[in-house]
1. Could you tell me whether any residue of segment B:227-235 is assigned to a helix (DSSP H, G or I) and either among the polar types (S, T, N, Q) or under 18 Å from B:Trp38 (Cα atoms) (or both)?
2. If you check B:Ile65 against the conditions, is it farther than 27 Å from B:Thr52 by Cβ, within 14 Å of chain A (Cβ to nearest Cβ) and open to solvent by 50 Å² or more (accessible area, probe 1.4 Å)?
3. Output the number of residues of segment B:68-97 satisfying the condition of being within 11 Å of chain A (Cβ to nearest Cβ), open to solvent by 20 Å² or more (accessible area, probe 1.4 Å) and small (Gly, Ala, Ser).
4. If you take the residues of segment A:140-152 that are at the interface with chain B (Cβ under 10 Å from one of its Cβ atoms) and touching a residue at least 24 places away in the same chain (Cβ under 8 Å), which of them is most open to solvent (accessible area, probe 1.4 Å)?
5. Restricting to segment B:181-197, what's the tally of residues that are within 14 Å of chain A (Cβ to nearest Cβ) and either free of Cβ contacts under 8 Å to residues at least 60 places away in the same chain or of a type in the set (Phe, Trp, Tyr) (or both)?
6. When you look at B:His177, is it open to solvent by 30 Å² or more (accessible area, probe 1.4 Å), over 23 Å from B:Phe111 (Cα atoms) and in contact (Cβ under 8 Å) with a residue 24 or more places away in the chain, yes or no?
7. For residues that are without any contact (Cβ under 8 Å) to a residue 60 or more places away in the chain and either over 23 Å from B:Trp166 (Cα atoms) or among the hydroxyl-bearing types (Ser, Thr, Tyr) (or both), tally how many sit in segment B:294-315.
Amino acid sequence: MILPAATPAARALRLIDWIWTVRGTVPLAPRQSGDEALALIDTLLREPGTTRQRDGDRLTFSKIDPLSQDKLAVFEQGTLHVVTALAGSELRYVLHSRALLFCLLASPFFLGISAVIDSARISGRVFAVLFAVLYVAGRFLEPWLAARLFMRTLAGEQPVPDVDHAEITGNGMTGNGMAGNGIA
Amino acid sequence: MRVPAGQDASVAQTARRPFFPNRRPVEGGPVKQFVFTWFQPVMLFAMIAFWTFAPDKYATVAVGIGIGIAFKVLILGLEWVSERHASWRLTWKELATDLFYVAVSVTLIKFVAKHIGSGPAIDAIKHYLNIHTAWAGHIPFLLQVFLGLFIFDFGQYWMHRAMHNWHPLWLSHAPHHFITQLNTLKGAIGNPTEIFLIGLGIEGFFDFVPRAGLAAGGIGMAMGIYSHANIRFNSPRWWLYLFNTVEHHSLHHSQDYESTRCNYANTFIFIDRMFGTCVDDEAELVGQEGGRRMSIREQMLYTFQPLIDRARTWRAPTAVPAE
């Protein structure tokens, strides 16, 4: 959910959106232009179910039912843009993950089940703990993997997919053949 | 997607096929080769030995659950030691999704089955008809374990086969076939109605001793895990002939729907051989509708989608044709 930054609701949301939002920066190589950087990142988004749109120095994407091996499958939405500063240019990104939010919410859900269903008293609590641990692991692991992926891609170390699954539609580009929506 | 007109794999089709023509051996040194050749038979004999000789204070449901959890963790680890396909590699999101289904199965579905599953239904029937089968607990222990496993697997074979041949049951089972890779916990993925249905069995009519039931349950669980795990084994030929394996089950999950109409048994693949539905081959590309990954939300709703659509049509205002 993206609200205008100045509203009280947006400020309140900003306090908790770290649960499902990842923000980060990756430095560009000394003579790498913003255009070149975003073109490289764009190759990562040529996956089935992914819609992407380039607007100047800004690249946005959204995913519907991404494939399991899609390297950014955890993040259903994201915005990446290049910022030029005296110290050098950098790629800034904001990625949103319903999967992370879902994992965290699964913890109180199964805690609730353990309270309601007598036969699930122990198992419900065990799964509540497992989902809390899994959330913490994912909250550290997935941002690290995304940052490493962006760095390797900008350095040209990430192999470009043989097949572009995307189609050009209007101003945007969309992956093919993936319908439906969901939370994980 | 409707169940297309067609037939299960026939005896004539399966008899001509070579035995696992695409099978590749485990990559690695002699120790790794040895471990991944004998792991499954050794674990089977270890489970039988434990439940046969363990003192009564250890032969309990709690110990059985503990063994089950430890076994799942071990097999998850082995996926990284002898990976079958890089395209099936476990990701954080896949693990979180799989764990969600395991949790639903262990808490909610178990609760429902405890009250309206085959267990209470059989107890009621036995009580009503005054059926006593205490003699079952006096036959040799190993035979009790085998019969417990076989009777459950035989029922599961026909339930599973019916799910692939009758559209209402396919609606329940189809979400399980939308998994796009196989991993240790993938057996738990599916619409809750299917997990409930596939858990029904008639072995409760026989009063086997409790530890025979625990042994049968443990072995059945292990087979269900092996058949979904992303592990390359060098299973001995006799093992492949008797038991369901990831090779058999990957073919059952292949993207080509006709190829899914085979290898229905969970534990004993020889039941498929008995009825001519066994195909000794494997697949890497798994899933349905071209390998589309279905979300949890869609998996939960898929079974009821025709009813939801009908309700929406019923509630929608009837269009009045223009004059």
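1. Scanning segment B:227-235 turns up no residue that is assigned to a helix (DSSP H, G or I) and either among the polar types (S, T, N, Q) or under 18 Å from B:Trp38 (Cα atoms) (or both).
2. no
3. Result for segment B:68-97: 2.
4. That would be A:Leu145.
5. Residues flagged as within 14 Å of chain A (Cβ to nearest Cβ) and either free of Cβ contacts under 8 Å to residues at least 60 places away in the same chain or of a type in the set (Phe, Trp, Tyr) (or both) within segment B:181-197 amount to 0.
6. no
7. 6
Every residue, every condition in (1) surrounded by fewer than 17 Cβ atoms within 10 Å (Cβ to Cβ); (2) out of contact with any strand residue (DSSP E or B) (no Cβ under 8 Å at 6 or more places or on another chain); (3) among the aliphatic types (A, V, I, L, M), yes or no:
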site: A:Leu72; (1), (2), (3): no, no, yes
site: A:Gly78; (1), (2), (3): no, no, no
site: A:Thr84; (1), (2), (3): yes, yes, no
site: A:Leu91; (1), (2), (3): no, no, yes
site: A:Leu105; (1), (2), (3): yes, yes, yes
site: A:Gly112; (1), (2), (3): yes, yes, no
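The values are calculated or read from the model by the stated rules, or taken from the named source; none is laboratory data. What you see is a predicted model, and the numbers here were worked out from it, not measured in a lab. A quick note on method: Cβ atoms are made from the backbone with ideal geometry, for glycine too, and the neighbour counts reach across all protein chains shown. In case anyone asks, the SASA skips ligands and DNA or RNA and just uses the protein heavy atoms, side chains included. Shrake-Rupley method; radii C 1.70, N 1.55, O 1.52, S 1.80 Å.
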